[in-house]
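The values are calculated or read from the model by the stated rules, or taken from the named source; none is laboratory data. Since the model is a prediction, treat every value here as computed from it, not as a measurement. Virtual Cβ from ideal backbone geometry, glycine too; neighbours counted across all protein chains shown.
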Ligand code: CA
């Protein structure tokens, strides 16, 4: 979940201290909030308390396999995972098995390359499994049929309105920055030209809120972006 300044939170799951330290410093300098776990048990706890936007996951961990944990994350969350592999044999495993990793890097990697991959993954719109329905209270979204129902009645959304709601829905309870909204839905639109985004948010509120002037679901985080609450 992005913090007050719109910074993304990265969870590093890595048992080698030298990597933890270097990443902590390097990624902080690049404007990320870094939380570190040295094993899978710690990672599970931080997933709840720190609400990371992305997980950087080592393969060999003291209490289990990063491959299995990646699969678990893929099955239970929408948080993207970048696998960190130490050997080419591990790359084969990451690529060969469908474990749901968004990307991978091989040790030793350069910080600049890693940061570029992190940024690229964070910019990707989240793709849900086929047919998956996101159900948040009175709203239900079907991503294959591209339909939204509210209190069991289908509501009409334009293509952009659906995509915007989908972006918020796949980050339920997390702040989505204005920058991410524009990057994802309006390629090339300048950050200063945000009226289009505000217009779409306003229209969405008219369709999904009981009282659009006092929204309960689609909340504006002033100066940062928006958050969809169930
Ligand atoms: Ca390791």
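Restricting attention to segment 137-174, the residues that are at pLDDT 85 or above, in a strand (DSSP E or B) and within 20 Å of residue 229 (Cβ to Cβ) add up to 4. Taken as a whole, the condition of being modelled with pLDDT under 90, under 20 Å from the mean Cα position of the chain (by Cα) and assigned to a helix (DSSP H, G or I) applies to residue 182. The helices (runs of 4 or more DSSP H) found wholly in segment 1-103 and carrying at least 2 residues that are within 16 Å of the ligand (Cβ to nearest atom), surrounded by 17 or more Cβ atoms within 10 Å (Cβ to Cβ) and at pLDDT 90 or above occupy 17-29, 40-49, 66-76.
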